[in-house]
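Notes follow the structure.
Taken together, the values in this text are just the output of simple stated rules run on the coordinates, not laboratory data. Since we're looking at a predicted model, the values are computed, not measured. A quick note on method: Cβ atoms are made from the backbone with ideal geometry, for glycine too, and the neighbour counts reach across all protein chains shown.
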Amino acid sequence: MRTRWRSAAVGAAAVGLVAGLVGPAGAAAVYGPDAAAHAPTLTAAAPTPTPTPAPTPASDGFAQLTPAVTRQLDDAIRKVLAEAKIPGVIVAVSAPGKGEYIRSFGVADKATGAPMTPNLNMRIGSVTKTFTVTALLELVDDGKVGLDDPIGKYVDGVPNGDRITLRELAGMRSGLFNYSADEDFYKALTSNPERPFTPQELLDYSFKHPVLFEPNAKFYYCNTNLILLGLVVEKVSGVPLGRFIEREVVSPAGLKHTVFPTGPEFPEPHAQGYTNQTASGKIENSTDWNPSWGWAAGAMISDLPDLRSWAKTLATGTLLTPATQAQRLDVVDAIPGAGYGLGIFNVQGWIGHNGSLPGYGSLVLYLPQARATLVVLLNTDIGYEGQEPSTLFGEAITKIVTPERVYTLPAQPPS
């Protein structure tokens, strides 16, 4: 999901960080009670193109990326871009033997008109969750932690900490309140978006609220869970979370442009990001906002080549033992049409995560049957008609390339 920060519980102004397939993932990503859309009503900016006849899927359900299908993808992406008034987007779709589609549309900078290009660094929101949980699962494989350990073994002061397990945190079934849905947090962030937040400050916003339900009783997308898992990784490894992820996850995965920033630093070249999650409610440039508020749930930065590689690594479990990867992919029903495992979604067979935080959105997916990869990166988090912008692109693209497996990730209803 995503890393939004909105929740009906704290009023229309407060937005919950849902990370990207935010989720429903990543505080920085995409769902939770805070995943309800808060965008203004938008009207189409261009006429709907006449669709090309849907391709006949091959035996693995993935269409051949012929020139006709490529034109159909171009039209579908431009339609979403225009209707939802999205500044710019980068898209990559590929599968062995079926071809490769890499395109960018729109602008990376509204002020200068600089075009979006496929080589830009982007904030990835809740896709960060996939890296944090991978780091945790590596410690599981090393015998240093157990998925059924209570969080209270590692972090003091957690409500129900003697009963909430690491597995329930990674699976979004802890019952803890989402700090990014707290009104005081929202005010603090939007009044000074360049300020740093510590993990303990984030937990304090959560822990002042009563628990929402008993451990493992239901699914609730919650960034608080990932902050706790990040602290577990730090305590057990003895090194800062970002350093551990870069050393034990990013580097072994062969990623060259994926970083865990300690502040607002943003490697060049990068797109400018635009959000309406602001104190005024007006659209602002959020490029240099400090992502520390998302930390283990949504702070990371990456680019298209790295995320195309990571989609496969994540879904196939290259960095983990087969037994641990199997536990990761053991999804339970989360929201209609989607299951959630340990820091990972399965939506109609597409495995991965979405992400969102102010100004940016991402979608990183892999379809094992076709060995297909889909990555979408965009420079806004502003929703359209109740949908995350990354979901709009994911649905439009998969209707063409995998018509029997259409990616759609509705917002999680309030608990």
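Distance in nm between label sites at HIS257 and LYS208, each 7 Å beyond Cα in the beta-carbon direction?
Label-label distance for HIS257 and LYS208, simple model: 4.1 nm.
Rounded, prolate or oblate, given the Cα gyration tensor of the stretch 193-305, with a/c below 1.5 counting as rounded? Let's see the in-between values first.
Working: a/c = 1.89, a/b = 1.11, b/c = 1.71.
Because a/c hits 1.5 or more and a/b fails to exceed b/c, the stretch 193-305 counts as oblate.
Could you list the residues of the stretch 339-357 with an amide nitrogen less than 15 Å from a label point located 7 Å from the Cα of GLN369 in the Cα-to-C-beta direction?
Backbone N within reach: 346-351.
Classify the stretch 292-415: rounded, prolate or oblate, from the alpha-carbon gyration tensor (a ≥ b ≥ c, eigenvalue square roots; a/c under 1.5 rounded; otherwise prolate if a/b is larger than b/c)? Could the numbers behind the result be given before it?
Values: a/c = 1.31, a/b = 1.18, b/c = 1.11.
Cα axes put the stretch 292-415 in the rounded bin.
Residue separation times 0.36 nm, minus the C-alpha to C-alpha distance between GLU194 and ASP74: what's the value? Write out the running numbers ahead of the final one.
Numbers: separation 120, 0.36 × 120 = 43.20 nm, distance 3.66 nm.
Length difference between fully extended and current span is 39.5 nm.
Students often get this wrong, so check it: of LYS110/LYS399; LYS79/LYS282; LYS218/LYS256; LYS208/LYS235; LYS129/LYS218; LYS129/LYS235, which have C-alpha atoms separated by over 28 Å? Show your work: numbers first, answer last.
Numbers: LYS110/LYS399 30 Å; LYS79/LYS282 24 Å; LYS218/LYS256 38 Å; LYS208/LYS235 23 Å; LYS129/LYS218 19 Å; LYS129/LYS235 18 Å.
Exceeds cut-off: LYS110/LYS399; LYS218/LYS256.
Let me make sure I get this right: for the stretch 88-221, a, b and c are the square roots of the gyration tensor eigenvalues over alpha carbons, sorted descending. Under 1.5 in a/c it's rounded, otherwise prolate if a/b > b/c, else oblate. Which is it?
Working: a/c = 2.69, a/b = 1.50, b/c = 1.79.
It is oblate, given that a/c is not under 1.5 and a/b is not larger than b/c.
Quick check: pseudo-label points 7 Å beyond the Cα along Cα→Cβ at ALA326 and ASN119, how many nm apart are they?
Inter-label distance under the simple model: 4.5 nm.
Based on other C-beta atoms within 10 Å, arrange PHE207, PHE185 from fewest to most. Working shown, then result.
Working: PHE207 18, PHE185 24.
Arranged by neighbour count, lowest to highest, PHE207, PHE185 become PHE207, PHE185.
Among ARG195, ARG328, ARG78, ARG167, which comes first, then next, by fewest other beta-carbon atoms within 10 Å?
Exposure proxy ranking, most exposed first: ARG195, ARG78, ARG167, ARG328.
With the Cα gyration tensor of the stretch 5-401 in hand, convert its eigenvalues to equivalent ellipsoid semi-axes via √(5λ) and list them largest first in whole Å. Don't jump to the answer; show the numbers that get you there.
Values: eigenvalues 191, 118, 70 Å².
The three semi-axes for the stretch 5-401 are 31, 24, 19 Å.
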